[in-house]
Amino acid sequence: MNDLLLTGLLILIKLGMVLAVLLSMAAYLVLAERKILGRMQRRYGPNRVGFGGMLQPLADLIKLLTKEDFIPAQADKWLFMLAPGLAAVTALLAFAVVPFAPPLEIFGRQLPMVVCDLNVGILYFFGLSSLAVYGVALGGWASNSKYALLGALRAMGQMLSYELAMGLSIVPVILMARSFSLTEIVQAQASLPFALCNPVAFGIFFISALAESKRTPFDLPEAENELVAGYHTEYSGMRFGLFFVGEYLNLVVLGAIITSLFLGGWHGPLLPPIVWFLGKVLAVAFVFIWIRGTLPRLRYDQLMAFGWKILVPLALVNLLVTGGVLLWLGGAS
Amino acid sequence: MNLWRDIKGTFQPFWVTLRYLFKRPVTISYPEQKRTPPPRYRARMILTRDPEGEERCVACHLCSAACPVDCISMQAAEREDGRRQAAWFRINFARCIYCGLCAEACPTMAIQMSPEYELGNRDPLKLVWEKEDLLVDHGGKDPNYHFYRHSGIGVAAPRGGNDDELPPVNIKTNLP
Ligand code: SF4
Ligand code: SF4
């Protein structure tokens, strides 16, 4: 009984810590993005609240919480209220399968440093990232506004077609690691991260991840100059905040997934594993921000053509080649 | 060749943004650092005085007629010595667009733009400035200009007393 209690307590502590770290990381990524973008454009970015702007996320939170929660008259009320939560929760849940450190020895028991080590972790992640489309689609539909609807339509088309390329680019990884579990995929990269064994898959996954998270150059669903704000045009206050936080949570989660699938997860010399993991996630996030500061938005036909005519065929060929090479290697040994 | 151009065009910008990341921002952090506007900067107006220290404004209403947003109002009055002056003179800076048309219209150079730009205020009523607030005790951009030395004959100086003025003609002597 006591044993059970201790296990439960440890799991609760772990959950709380993961949640806290994830949420504060998302909040500070917003600040980091604004500051880095600012510096790239030779501005300072937010630097007034707190120590050089360090309390800006808090100020934003207070502002969002005290704003009016407005629901348009013709909106589908329940869906409208539900959608932002869906967007944020799916991103949070997806982190559950990401291992962020090797198992920890505590009170004489093994504590795996992953919220839940599913043996179909990748499929779970895919399921959730498909569910995330619902948050956007329902949000846009329920708002009963043309801009929101157009944004949601674009988001659906974009996310569905890039999910295909994303899925195809993961298959080689699964082939190489011979497992669906993220923990084992990370273990398989102890010597060489998959980004080096299979850079094509890494490139495709990275680009699709950009499209999945609706960031520049694929930010058509919220293209400001055509669609006001896209699918969250009608949202205000904390509901908009949830969409916003969901987007940055998604950024962290995708960074974590890219780290685990291609960059060797928490493996790394000298420094403790958790530092390696966080460092890699932040590095991926920085590249995302860097891309946003550099590239302009694609046109919608370019986006679709790039996804269907380049990424998907490339991913298929890559899959074939990887399979062939693995078969050849396996036959040779 | 086109493909090569496209690839170059996609990756070169990354180097540019990375370089700019480490350059000094060009921002002027306003409340701490203030830039000095050039002397002819068009910010709030002042009402200047002539070299004798008298108010230049003769309450001719030309400025208020020229103002595209109608933010100047005044009441004309006459002093005992015959000089026209504004009994009250009011500019609503909450409406002013700082176009400078009033200063251009003014025949006496009374109203002039000054480079003082810090007018921000939370209470719009505090942006309505009266004559006392607008009056300064210098001549502004042309300190030597004196309206009554060229016009307004016989008010500030006796007839024929100004430099560019001939003594009054005795019309009787012109008779044949
Ligand atoms: S600057 Fe323009 S808007 Fe302002 S008082 Fe003069 S004429 Fe009117
Ligand atoms: S400020 Fe100039 S234009 Fe305006 S009433 Fe006075 S003299 Fe006339």
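Some notes on this structure:
- With respect to the stated conditions, A:Pro57 is free of Cβ contacts under 8 Å to residues at least 60 places away in the same chain and surrounded by 18 or more Cβ atoms within 10 Å (Cβ to Cβ).
- For A:Leu23, the requirement of being assigned to a helix (DSSP H, G or I) and touching a Lys or Arg at 6+ places or on another chain (Cβ under 9 Å) is not met.
- Residue pairs whose Cβ atoms lie under 9 Å apart, sitting 6 or more positions apart in sequence or on different chains, and linking a residue in segment A:3-24 that is surrounded by fewer than 10 Cβ atoms within 10 Å (Cβ to Cβ) to a partner that is not in a helix (DSSP H, G or I), are A:Asp3/A:Arg109.
- Looking only at residues of segment A:35-54 that are buried (at least 19 other Cβ atoms within 10 Å of the Cβ) and closer than 25 Å to A:Leu92 by Cα, we find that the one that is farthest from the other protein chains (Cβ to nearest Cβ) is A:Lys35.
- When B:Ser114, B:Ser73 are checked against the criterion of being under 13 Å from B:Ile46 (Cα atoms) and either among the hydroxyl-bearing types (Ser, Thr, Tyr) or away from ligand 1 (no atom under 16 Å from the Cβ) (or both), a single residue qualifies: B:Ser114.
- Complete set of residues in segment A:175-189 that are touching a helix residue (DSSP H, G or I) at 6+ places or on another chain (Cβ under 7 Å) and within 17 Å of A:Val325 (Cβ to Cβ): A:Leu175, A:Met176, A:Ala177, A:Ala188
- Residue satisfying all of: in segment A:221-274; outside any loop (DSSP other than H, G, I, E, B) and at positive phi; modelled with the lowest pLDDT among these: A:Gly230
- Verdict on B:Cys71 being in contact (Cβ under 8 Å) with a residue 40 or more places away in the chain and under 25 Å from B:Asn121 (Cβ atoms): no
- Some residue of segment A:1-9 being closer than 28 Å to A:Ser130 by Cα and not hydroxyl-bearing (Ser, Thr, Tyr): no
- Residues located in segment A:284-301, provided they are away from chain B (no Cβ under 14 Å) and either assigned to a helix (DSSP H, G or I) or among the hydrophobic types (A, V, I, L, M, F, W, C) (or both): A:Val284, A:Ala285, A:Tyr300, A:Asp301
- Of the candidates B:Phe93, B:Phe147, the single residue that is of a type in the set (Phe, Trp, Tyr) and either over 17 Å from B:Asp50 (Cβ atoms) or in contact with a helix residue (DSSP H, G or I) (Cβ under 8 Å, 6 or more places away or on another chain) (or both) is B:Phe93.
- Failed criterion for A:Leu278 (all others in (1) within 14 Å of chain B (Cβ to nearest Cβ); (2) assigned to a helix (DSSP H, G or I) hold): (1)
- The number of residues in segment B:120-143 being assigned to a loop (DSSP other than H, G, I, E, B) and under 16 Å from the mean Cα position of the chain (by Cα) comes to 9.
- Checking A:Gly50 against (1) outside any loop (DSSP other than H, G, I, E, B); (2) modelled with pLDDT under 80, the condition it does not meet: (1)
- Residue match in segment B:144-154 (condition: in a strand (DSSP E or B) and more than 14 Å from ligand 2 (Cβ to nearest atom)): no
- In segment B:1-118, counting only helices (runs of 4 or more DSSP H) that sit wholly within it, the ones holding 1 or more residues that are within 16 Å of ligand 2 (Cβ to nearest atom) and either exposed (fewer than 14 other Cβ atoms within 10 Å of the Cβ) or at pLDDT below 90 (or both) span B:62-66, B:101-105.
- Candidate set from segment B:119-134 (those that are hydrophobic (A, V, I, L, M, F, W, C) and more than 11 Å from ligand 2 (Cβ to nearest atom)); member that is surrounded by the fewest Cβ atoms within 10 Å (Cβ to Cβ): B:Leu125
- Any chance A:Ala94 is more than 14 Å from chain B (Cβ to nearest Cβ) and touching a Phe, Trp or Tyr at 6+ places or on another chain (Cβ under 6 Å): yes
- Subset tally (residues that are surrounded by fewer than 18 Cβ atoms within 10 Å (Cβ to Cβ) and within 19 Å of the chain's Cα centre (by Cα)) for segment A:76-100: 2
- The lone criterion from (1) on the phi > 0 side of the Ramachandran plot; (2) free of Cβ contacts under 8 Å to residues at least 40 places away in the same chain left unmet by A:Glu184 is number (1).
- Taking the listed residues B:Ile7, B:Ile91, the one that is within 14 Å of chain A (Cβ to nearest Cβ) and farther than 30 Å from B:Ala157 by Cα is B:Ile7, with no other qualifying.
- Only one of the numbered conditions (1) under 30 Å from A:Trp141 (Cβ atoms); (2) away from chain B (no Cβ under 14 Å); (3) part of a helix (DSSP H, G or I) is not met by A:Phe70, and that is (3).
- Within segment A:235-263, being surrounded by fewer than 23 Cβ atoms within 10 Å (Cβ to Cβ) and small (Gly, Ala, Ser) holds for A:Ser236, A:Gly237, A:Gly241.
The values are calculated or read from the model by the stated rules, or taken from the named source; none is laboratory data. As the structure is a computational prediction, the values presented were derived from the model and not from experiment. Neighbour counts run over all protein chains shown; Cβ positions are idealised from the backbone, glycine included.
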